[in-house]
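What follows is a short report on a single structure.
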Amino acid sequence: MSFLLDTNILSVHLRRPTALAHRFLQHSGRLHTASICMGELYVWACGRSDPAPALASIDQLLEYEVTVVDFNLDCAKRFGDVRMTLRPRGIEVNTTDLMIACVALDHDFTLVTHNTFDFRHVPGLRLDDWITP
């Protein structure tokens with residue numbers, strides 16, 4: 001099983017590497033993140049008074065720990081399908097979150113997030129929370 005790490009998991013790992021180190025070691029080689037999450041991480045890093053250390057941590061994360069998966073045309077098609085499956089039922093999922101979920105679905109990854117509540121209605125999406133026991 002491979003995993004797609006949401007932004008909140010990556011930010012915890014970048015801020016406190018020991019908090020999730022055992023999970024990152026346990027699943028080494030099977031950890032991915034969406035290009036969308038990387039955009040959110042770069043916003044976090046560039047918003048700091050001194051972004052250099054955060055940017056260096058992101059570079060190290062990409063070099064040694066996670067692989068970036070793009071939101072591509074297949075993900076976009078799935079996004080449209082899932083959005084229109086949920087909408088008639090009155091369920092709206094934040095656009096960014098649904099895009100991330102569709103990357104996980106398209107690649108058959110389990111989405112690791114601390115925001116399981118926000119993703120709970122996405123059909124077929126496997127969720128795991130590495131922060132809350």
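The values are calculated or read from the model by the stated rules, or taken from the named source; none is laboratory data. Values in this document were obtained by computation on a predicted structure and should not be read as measured data. Don't worry about glycine lacking a Cβ; one is built from the backbone with ideal geometry, like all the others, and counts go over all protein chains shown.
Residues in the range 94-133 that are surrounded by 15 or more Cβ atoms within 10 Å (Cβ to Cβ) and aromatic (Phe, Trp, Tyr): Phe109, Phe119, Trp130.
Scanning the range 48-59 for residues that are surrounded by fewer than 12 Cβ atoms within 10 Å (Cβ to Cβ) and closer than 18 Å to His13 by Cβ returns Arg48, Pro53, Ala56, Asp59.
Among residues of the range 111-133 that are under 21 Å from Ile91 (Cα atoms), those with a beta-carbon under 8 Å from a residue that is at pLDDT below 95 and part of a loop (DSSP other than H, G, I, E, B) at least six positions away or on a different chain give the pairs His114/Ile131; His114/Thr132. Taking Thr110 as the residue in question, decide whether it is at pLDDT 95 or above, β-branched (Val, Ile, Thr) and more than 19 Å from Ser2 (Cα to Cα). So Thr110 does not fit the description; no. Taken over the range 28-52, residues that are over 15 Å from the mean Cα position of the chain (by Cα) and under 16 Å from Thr67 (Cα atoms) amount to 2.
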